[in-house]
1. Could you give the dipole magnitude of the chain about its Cα centre, charging the beta-carbon of Lys and Arg +1 and that of Asp and Glu -1, in debye to the nearest 20?
2. If you place +1 on the Cβ of every Lys and Arg and -1 on the Cβ of every Asp and Glu, how big does the dipole about the Cα centre of segment 160-318 come out, in debye to the nearest 20?
3. Quick one, which of [x] 201; [y] 307; [z] 152 is the actual volume of the Cα convex hull per residue in Å³ calculated for this model?
4. Hey, how many Å between the Cα centroid of segment 538-553 and the Cα centroid of segment 143-174?
5. Of GLY550, VAL528, ILE562, which is farthest towards the positive pole of segment 527-568's charge dipole, taken about the Cα centre with +1 and -1 on the beta-carbons of Lys, Arg and Asp, Glu respectively?
6. On the principal axes of its Cα set, how long, how wide and how thick is segment 1-98? Give whole Å, largest value first.
7. Show me the helices of the chain, taken as full DSSP H stretches, that run 24 Å or more along their long axis by Cα and average 1.6 or above in Kyte-Doolittle hydropathy.
8. When the convex hull of the Cα atoms of segment 98-252 is projected onto a plane and the area is averaged over all directions, what value comes out in nm²?
Amino acid sequence: MQEHRAYWRKLDHVAKMYSATSNDKITRVFRFYCVLKEDIQPKILQEALNKTIETYPIFLSVMRKGLFWHYLEKSSLRPIVREENKEVCSTLYVHDQKSLLFEVTYYHNRINFEVFHALTDGTGATAFLKEIVKNYIYLSHSKQLEEIELLDEHITIQDQESDGFSKYYNKEKVHKAKKVIAYQIKKPKKQRGPLQVNECTVFVKDIQEKAKENNVSLSVYITSVLMLSIYYEMSLEEKRPVVLHVPINLRKFFPTDSMLNFFICMNPKYTFCKSTTLDDVIQEVNQYYKNELTKERIIENMNRFITLEKHPLLRIIPLEVKNLSIKAGTIYAEKDATAVYSNMGIINMPDAYAKYIERFGVFTNTPKLELCMCSFQEQITFSFTSTFDTSNIQRNFYQILKEQGIIVKSIEPDYPDRKGQIENEKKWYRIYTFLCLSIIICCFGIESIFKLQTHWAFYVAGAIVSLWLCSYVGYMKRRNLLKNVMWQLLLLSVGSFVWDISTGYYRWSVNYVIPVLCIINLIFMLIVSKARKDTPREYMAYFVMGCFYGSFVPMLLIITNIVKIKFFDMLSIIFSIIFLLGVILFKGKEFKEEMIKKLHI
């Protein structure tokens, strides 16, 4: 199956937002887990994961940056099972590092599957975790079990990689929603430390009975209880509505076997200045669900989200500029919702396998308060996550359920002890920055005390700042040596020009330094790529960038008459053009593939 995969693919509509807005705090990572009735055996879990990858090879992808969009690239990396040892839902997508966008860990009797949201959504993650659990249980109890297949044998890799948004997009049907400014939770946020996770279980039949008493669905009932839980923490003078982001699985409306993101969010709201009873909240929320959960309205809302992305002007904006716009838009859009409620639905497993399973659960990294839920057999698992330094809303939610006669069983946190973990790299770099600044201050102090007229402190400060900047960029880009080299070329070019101007502008930077750096850069990248035995796909883009820089910049300097001695600049131009011609002639196929991949709009 693996050989039939495309080498690279575009991101789906939702994934483009996650790739642009993820960072160390908002990682866009979510966790699906399964608690078994026995402790995990690591070797068997690794074997189960290897079998799962054969079924879902599209997960073997890494995130790359093009000129206009991020994209996913097929990878030869293989996931390694390890014992859980870091914060839940911590960073998986590391910029400039080719790493898989998911990981499988274990702790006692729990199997954890964490995944970057740009790779898949809840439906895809559920299928992947179920496959791992099924394989693990079979390998552990093969004598008692018959091996079964969870995935339909007719589903191909192309089906898994299909983009539902592109398939069902219709620009003629767009619903323009009215902007609503939602109430925002005003609680102190945690300054540092792990994501706050708060979980409990209830019996499915208890919730269903309460929902049935009110003639509403389970989702409507939970949405209403969560809204009321938030209201109990609001000021009596608050007039803005409580609005929830509720993801809707589009596969229920549009047939697809895609493992990519395929959902949109609807936004039920309630203004508590009308009434504060649960019954009234339920009735209004139920009417909202009835109005929005129609295929016609779903199509209009889906198209509204996609239309902006497909605008011709937006598509040709460079990625870095586009990312800034998406981040700004995301911050602005956060005002649309108070919290998030995500119902992952029922998780089914074959009866022979289910007897080895205690429960499933799911939660996600979030900048807001988020409630995730899923059900397995007779129980529902509720999982709250937040960055707030309080759990009052969670307490209110459980209390309302208890008042409704629903038995709530709290889940005690079961995570490895992380005390004493220190971010050593950041700590040492802060020390390094502190020393650099201290030296600069001391130099100016000495010059001032002794009333020196040489202004040597400025030169020392300039040298230290230059050193710090180069080392900082080198540190930040340390995961990709070829990209690091290109950044250093840019910094050294600009830095030498600035130093030239500062010391009398003798043009040594443009006559000698910049063109020589361009030549050295290409030679160094060639040596590094050969020494590391990189494939053409790994070095091609950087070779092209180096050739473009080495020819365009010296040519611009000559045309503008900035250069007085043209020998080295002409040498750089000739060397870069010959280098590029060699790349095109000897690696033409790879050159074409990389240009299409990097420049896709």
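The values are calculated or read from the model by the stated rules, or taken from the named source; none is laboratory data. If you're wondering where the values come from, they're calculated on a predicted model, not measured in any experiment. When we count neighbours, we look across all protein chains shown, and the Cβ atoms used for this are built from the backbone with ideal geometry, even at glycine. SASA here: full protein model, heavy atoms, side chains in, ligands and nucleic acids out. Shrake-Rupley method; radii C 1.70, N 1.55, O 1.52, S 1.80 Å.
1. Once rounded to the nearest 20, the dipole reads 1920 debye.
2. Here the size comes out at about 620 debye.
3. [x]
4. Cα centroid of segment 538-553 versus Cα centroid of segment 143-174: 39 Å apart.
5. VAL528
6. So the extents along the principal axes, rounded to whole Å, are 48, 36, 22.
7. 514-531, 567-586
8. The directionally averaged projection comes out at 16.5 nm².
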